[in-house]
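**Q** Mind having a look at this structure? Questions to follow.
Just so you know, all these numbers are worked out from the coordinates, no wet-lab data involved. Owing to the predicted nature of the structure, the values given are computational and were not obtained by experimental measurement. Using ideal geometry, Cβ is built from the backbone for each residue, glycine included, and neighbour counts are taken over all protein chains shown.
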Amino acid sequence: MTRTHATSGTFNVASWEENVIIDIDGDGTEINGVTYPTRGFSRADTAYTYAGDIEGNGTVAYLISYNKGFAPVAGFELFEGSIDGHDGSLVFQHVGDHDAEAVRATLHIVEGMGTGGLAGMKGEATIELAGHSDNGYDIALSYDL
């Protein structure tokens, strides 16, 4: 679907707290105090900060699966801030996957959850987190308002 407006910005991971819910094999790997199951899933409570034409803060609850190769990721994010000068809040539904190289996701705006100038916004964004970045990660949003 083609959207009327397109905008972009960057986001940074302000915090990430991840805890294993299910470790199928019981042989996860610990990295920097976080256990990652070989097969299973975890919950990550995450905070993002946004800059550019998308400016504000996001609070995300992710469910992350772990498996060799392809592994799906799902979550919901409350975004509070401004998009192209429209102030308010909205909810993104994250649907994506990850592998050893990167996390990729499409963020769908959940209709009926917005407030203020973002109340009627419809659309979707794409993100990819590949490796560590001190400069943030790109986000591209296509939307109707």
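**Q** Evaluate Rg over Rh across region 35-81, taking Cα atoms for both radii and Kirkwood's formula for Rh. Intermediate values should be presented prior to the final figure.
**A** On the way: Rg = 13.4 Å, Rh = 12.0 Å.
That ratio equals 1.12.
**Q** For the modelled label position 7 Å from the Cα of residue 59 along Cα-to-Cβ, which residues of region 79-119 have backbone nitrogen atoms closer than 18 Å?
**A** Correct set: 79-82, 88-94, 110, 113-116.
**Q** Still on this structure, I have one more. P(r) for region 5-144, please, calculated from all Cα pair distances in 5 Å bins and given in %.
**A** 2, 10, 18, 25, 17, 12, 8, 5, 2, 0
**Q** So how far apart, in nm, are the two label points at residue 110 and residue 4 if each is 7 Å from Cα heading toward Cβ?
**A** For residue 110 paired with residue 4, the spin-label model returns 2.5 nm.
**Q** Which order do the peptides 82-91, 31-40, 60-69 come out in when sorted by mean C-beta neighbours inside 10 angstrom, highest first? All intermediate terms of the calculation are to be shown ahead of the outcome.
**A** Working: 82-91: 18.5, 31-40: 13.4, 60-69: 16.0.
Going by the mean number of other Cβ atoms within 10 Å, highest first, we get 82-91, 60-69, 31-40.
**Q** Each residue of region 51-62 in turn: what ³J(HN,Hα) in whole Hz from Karplus with 6.51, -1.76, 1.60 and θ = phi - 60°, glycine and Pro shown as x?
**A** So the J values, rounded to whole Hz, are 9, x, 6, 10, 10, x, 10, x, 10, 10, 10, 9.
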